[in-house]
Structure formats: structure tokens, C-alpha cells
Amino acid sequence: MEAVDPFIFYLAIFVLAIFVGYYVVWSVTPALHTPLMSVTNAISSVIVVGALIAAAADAGAAGGWVAKGAGAFAAGLAAVNIFGGFLVTQRMLAMYKKKEKK
């Protein structure tokens, strides 16, 4: 029996995670959207910590430059995700505020 290539195994898990994430996010009711964004921002902050650890890798080690580059790229994308999430959350919370009468 031949073993499955680890890349194919990881790719299959990634594709399944995309489908599950898509269906989970699109089935959320609008009332739960703001708490979901808050949890997503918290998860992204954990990703930033991991990305900073990867970016601090020793460049002299095997694959060190790749880890530094991937860490910096991940930190940048996670930062964009966090700031965008806060903007969306603020906009959604503003929709629930009472309108002021003139």
C-alpha cells in the first residue's frame, strides 16, 4: 500500500476548511455577525503573535529567509484583517444606534 503524499493530504484539509468556513459564515444570522467579527479579530491577533515569532526566525538556519518572509507576509495580512474587522464591526454597531431627531 502506498502512502499519500503529505502535500495532497494538507491540500485536501485546506480545501475542506474553505468549504466549511464558507458555509458557516454565510449561515450566520445578521444579529450574530458582530460577535462573530469580534471572535475573528481575536483569532487574528493570535495569528499576529505566531507570524511575529516566524518573522524572528534565524535567517542563517535552513529555510530561515523563507520563514522570515512568510512571517512578515502573514503579519501584514493579519493586521489588515484586524483593522478591517474593527471597521466593519463599528459600522454594524452604528446601524443599531437610534437615529437622532433634528
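Taking the stated definitions as given, is ALA75 at pLDDT 85 or above, of a type outside the set (Asp, Glu) and out of contact with any Lys or Arg (no Cβ under 8 Å at 6 or more places or on another chain)? Spelling it out, ALA75 is indeed at pLDDT 85 or above, of a type outside the set (Asp, Glu) and out of contact with any Lys or Arg (no Cβ under 8 Å at 6 or more places or on another chain).
Within the stretch 60-91, the set of residues being among the aliphatic types (A, V, I, L, M), under 13 Å from ASN41 (Cβ atoms) and in contact with a helix residue (DSSP H, G or I) (Cβ under 7 Å, 6 or more places away or on another chain) comprises ALA78, ALA79, ILE82, VAL88. Does ALA54 count as surrounded by fewer than 13 Cβ atoms within 10 Å (Cβ to Cβ) and free of Cβ contacts under 8 Å to residues at least 24 places away in the same chain? When the stated conditions are applied, ALA54 does not pass them. When the residues of the stretch 67-102 are filtered to those that are of a type in the set (Val, Ile, Thr) and surrounded by 13 or more Cβ atoms within 10 Å (Cβ to Cβ), the one that is farthest from PRO30 (Cα to Cα) is ILE82. The condition of being more than 30 Å from MET95 (Cβ to Cβ) and not in a loop (DSSP other than H, G, I, E, B) holds for only one of PHE7, PHE19, PHE83, that being PHE7.
Does GLY64 satisfy being farther than 30 Å from MET92 by Cβ, exposed (fewer than 12 other Cβ atoms within 10 Å of the Cβ) and modelled with pLDDT under 80? Judged against the criteria, GLY64 is not a match.
The values are calculated or read from the model by the stated rules, or taken from the named source; none is laboratory data. Quick caveat: nothing in here was measured; it's all calculated off a predicted structure. When we count neighbours, we look across all protein chains shown, and the Cβ atoms used for this are built from the backbone with ideal geometry, even at glycine.
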